[in-house]
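Some notes on the structure that comes next.
The values are calculated or read from the model by the stated rules, or taken from the named source; none is laboratory data. Since this is a predicted model, take the numbers as computed values, not measurements. Every residue, glycine among them, receives a Cβ derived from its backbone with ideal geometry; neighbour counts consider all protein chains shown. Quick note on the areas: whole protein, heavy atoms, side chains included, nothing else; ligands and nucleic acids left out. Shrake-Rupley method; radii C 1.70, N 1.55, O 1.52, S 1.80 Å.
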Amino acid sequence: MLVHDLRLAARAVRRNPGFALTVALTLALGVGANTAMFSVADASLLRPPPFADASRIVMLYRTQAGDDRVVHRTRWSYPRFSLLRAKLSMVEHTAAFNRGTVNLGGDEAPERVEGESVSPEYFAALRVPPVAGRTFLPEEDSTALAHPVIVLGHALWMRRFGRDPSVVGRTLRASGVPLTIVGVMPAGFSGLTGRAEYWVPHSMAPALHYRDHLTSEQNFISVIGRLKSGVSRERAEAELGVAIAAVNAELPSPSTREWTRSATLMPLDEARRDPGRRNATLVLFGAVGLVLLIACVNLANLFLVRGVSRARETAIRLALGASRGRLVRQLVTESAVLALLGGALGVALAVPGTQLLVSTLAPRMASGANDWGALSEFLDVRIDNRALGFALAVSLATGILVGLFPALRDTGARSASLTGALKSGTRAWTRGPRLSAQGLLVVSQIALALVLLVGAGLLLESFARLRGVAPGFDPEHVITFWINPGEARYTTSDAPALIAGVLERVRAVPGVEAATVSRCTPYMTTCANTGLYIDGRDNGAPGTQPSVGRHYVGADHFRTLRVPVLRGRTFTERDRAGAPGVAIINQTAARTYWPGEDPIGRRIWFSGSSGFGSRDSAATIVGVVGDVRYWPLDEPIAPDIYTPYAQFTYPSTIVMVRSIVAPTLLVPALRAAVRAADHDLPIYDVQTLSARAGSATADARFNAIALAGFALLALVLAAVGIYGVMAHSIAQRTRELGLRLALGATRGNLVAMVGREGMRLSLGGIVAGIVAALALTRLLRSLLFGVSATDPFVFAAIAGLVATIALVASLLPARAATRISPMTALKSD
C-alpha cells in the first residue's frame, strides 16, 4: 500500500508541477538554512572532541574565591602540577601541556612553528599513538635539559622532511637547540591547542620556550587527565579537593590576598566551548528554526489552498467508498514526497551555505576565550552524515506535519460533503473557519519574521556602534608581525639590543615611515597587566594594587600609531638602559590616579619582575597620551602605562610598521631586514593592523550578518505567504469584485478595500511580533554593545519595514485582479 501511495504521489507531482516546485523551493530555503546552521552547532556543541572515549577526558583547574564568593578558575604552575599528579589515584594519565613556539633554521628560510610542551602521559590521556617512532619516556621529563627530544606533527614531517620514513633518529635544530626526532604523530592531530606541529617534554621548555618554565610560580600550565573506568566525576572531584589541600600546604601561594583556594575538574567537551560563542550559536540556531517555522506556515497555506481545488475529488472518492484514513494517508504521503524533494534541494543549498558560514567564521575560529585561548574548540564545520540525517529528519517531519492538518480538514465530514462540493465548487471554501485558519497562519508568519528582523536589527546596530567606537589610533597603512628569538639565545637583558637592531634595519626599508614594537597591538587579547605602585601613597599589601595595562614600546610608538600626545613628551633614543626610568600614561590613567592633578614628574613602579619592580628602580612619568582601545572592546578603556623597550623588555615582541605605500608590498623587504639582524629569526603572524582590528569584531560581525541573512529570508517567505493568501482570496472573490465594478466601484476603491483587509492581518502580526520580540530579544543582551534589547528606534524601524512589505504583498494581487473586465469576472463561475 505504501508503494501504491508513492506512485499516486508521484503522479500528483507530475500532474501539478507548479505546485510541487513551489513547495519544494519553499521548504528548500528552510531546510537549507537549518542544515547549514546545524553543521555549525554540531561542530561547536554536539560533536565530541576528536579523541577516543573523549567523555572521560577531564581538564583540571585550580579555583579561588574572595569575599565576593565569585569562583575563578586558573591554571597551574609546573611545581604545583608536579605535586598534584602524585596525589591522584582516580585520574590516570594526568598530564600538563602549554603552548610554545620555536624557530626552525638550517639551510631553508627560518620558520616559526607552534607546538606544545607536554608530559609523557599526554598522548596516553588522549589515546593518540604515533604513526612512526614513539612518544616520550617518563625519564625524558625528569631532568631539565637532559633529554633533547622532539615529536613531529604530520604536517611538519611532510613539509620539512618530505614524509621521509627514516626521519626518526635524525636531528632538528629548533631555536638553536639540536633535538633528536623520536616520533611522528598522525595526520589531523594538532594537540589540545589545535595548532601544535611539534611536541617536546617539559624538561626542554626552559631551553626553547621560557627559561623559568619548571620553577616559576606563574599559572600558565593546563592539566588534563582521564577518569579511570568506573570512577564518576563527583568521586574524582572529591579526591582532587583533598589533593589540592595538600598541595597548598606544601607550596603556599605567594599572594597575600585572602582567597579560598581549591580545585575542580571539567569534561574536555565542556571546557573547550567558548561560553559567548555557545550562546550566540544557540541564538542563531533558534533563528533558523523560526525561518523553518515560517516556511512551514507557507506550506500549510499552500496545502490548504490545494485542498480547496481538490474538494470535489475528495468528496467523490469518499462517496465512492474510500475511507477517511486511506485518503489521509495518501495526502500525507504526497506531502512527504514533496518535502523530501525540498529537503534534497535544501541540502544542495546548504553546501555553499556552510562554506559561506565557514568563511565568515574563520576569524572567530582562530582562537577562543575558553581556557585563555589555550584550548582548541575543535570546530570542523562540514556537511557530513549527521547533517544529512538532520536534513532528512527535518524534511520528513515537516512534510508530515504540514500535510496532516490540511488532510484531516479536507476529509472531514463537513468539508467533504459531496452535495456541497458539487453545488458550490470552490466558493464554499472561501468562508468560515478555513479563511480564519489561513489568516491566523499569515499573522504567525509576520510575527515570526518581525522577531527575527528585530533581533537582526539590534545586532547590526550593536555591531555598527562597536565599529564606531573611537579606537584612539590610526590603523591604516600599518603592517604588524611577531618576532620571537627564544630565551635559549636571548635573555631580557639581551632583548633591547636585538630589537634595536631589528628596528634600525626595518626603518631603512624604502617606503617605511615609522616603526615601533610592543608586546601586543590594539584590540589584542594578550596584552600584559601588572600591579601599580605610586610613590608617596599607601599602596597596601602586596597583591592588592590596582591592575594596569603594561606596554614595552619604541621611541616612535605614538608616531607610528598616530596616538595624540596630550601633555609632556614622548620617548627618545636617550631613554635607554642606564638612564633614569621613564613612563608615559594614557588619559584614563591620569584621570583615575591623579584626578585634578598634573601627573608629570610623579614616580611609579610595578609588581612582579617585569622591570621597574621596586621604589629604587621607579619610573618618572614624562607624558600623557590619548586613550587607545585594547581588549575587551565592549568595556570601558582601562589605565595603560607605556615604558621604553630599551629600559626593559622581553625578546618576543610585535613589530609595527607604518608605510607610505601599500603595507603588504613591504613584507619581503621586512623579512629580509629581520634576517639581516639575525639570520635564524623569522617573522610570523604577519597582518595589517586593520585586519587585527577586524578580527577583534569578528564575533559581532558574524552574529549580525548571519541573523540578518536569516531574517531577510524569513521576510521573503512571509511576504510570499501574504501574497499567496491574498491572491487565493481574491481569486475566490472574482465574482464579487466583478459585481462591485459593475455597480460603479472604481478600481482604486477595490485596491484600497483589499489593501485594508490585508493590512488588518499584517497589523495583527506586527503587534504579536512586537510583543514576542520584547520578550525574546532579552536573550541577546550578552551579545549587544551600546544598544538596549528593547531599543524603540529599532522596533519602530522594523515594524515600519514589515508593514510596508506586507502592504505591497497585499496590493499586488489586488491590482492584478481589478484589471479583469466586469463581464469576464461575472462569468468566472
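What to note about this one:
- Cα shape, the range 540-654, gyration tensor, a/c 1.5 rule: rounded
- Distribution of pairwise C-alpha distances over the range 187-242, 10 Å bins, in %: 16, 34, 32, 18, 0
- Relative to the Cα centre, the charge distribution of the chain, modelled as +1 at Lys and Arg Cβ and -1 at Asp and Glu Cβ, gives a dipole magnitude of about 4320 debye.
- Cβ-isolated cysteines (cut-off 4.7 Å), the chain: C296
- Label assignment, Rg/Rh (Cα atoms, Kirkwood Rh) derived from the structure, set (i) 1.08; (ii) 1.03; (iii) 1.00: (i)
- Cβ-derived FRET efficiency at R0 56 Å, S359 paired with A86, nearest 0.05: 0.75
- Between E504 and A109, the modelled labels are 2.5 nm apart [label points 7 Å from Cα along Cα→Cβ].
- The chain, helix-only ellipticity at 222 nm - DSSP H runs n ≥ 4, -39,500 (n - 2.57), divided by all residues, nearest 500: -15500 deg cm²/dmol
- Selection among P138, Y78, Y61 by position relative to the dipole of the range 60-150 gives Y61 as farthest towards the positive end (Cβ unit charges, Cα centre).
- The charge dipole of the range 676-795, taken about its Cα centre with unit charges on the Cβ of Lys, Arg, Asp and Glu (plus for the first two, minus for the last two), comes to roughly 1060 debye.
- For the chain, the per residue solvent-accessible surface stands at 42 Å², with DNA, RNA and ligands left out and a 1.4 Å probe.
- Whole-Å distance, taken between Cα centres, linking the range 79-112 and the range 17-34: 52 Å
- Look at the Cα gyration tensor of the range 613-660: its axes a ≥ b ≥ c give a/c of at least 1.5 with a/b at or below b/c, and that counts as oblate.
- If you take the alpha carbon atoms of the range 23-71 and fit the smallest convex hull around them, that volume is 135 Å³ per residue.
- Centre separation in Å (Cα based) which lies between the range 751-789 and the range 36-55: 34 Å
- Element breakdown for the range 716-771 at a 1.4 angstrom probe: carbon and sulfur atoms account for 66% of the accessible area.
- Normalised by the number of residues in the chain, the mean separation of alpha-carbon contacts (under 8 Å, six or more apart) gives a relative contact order of 17 percent.
- By DSSP, the beta bridges lying fully in the chain are antiparallel in about 80 percent of cases.
- The range 378-405 and the range 650-670: distance between their alpha carbon centers, rounded to Å: 48 Å
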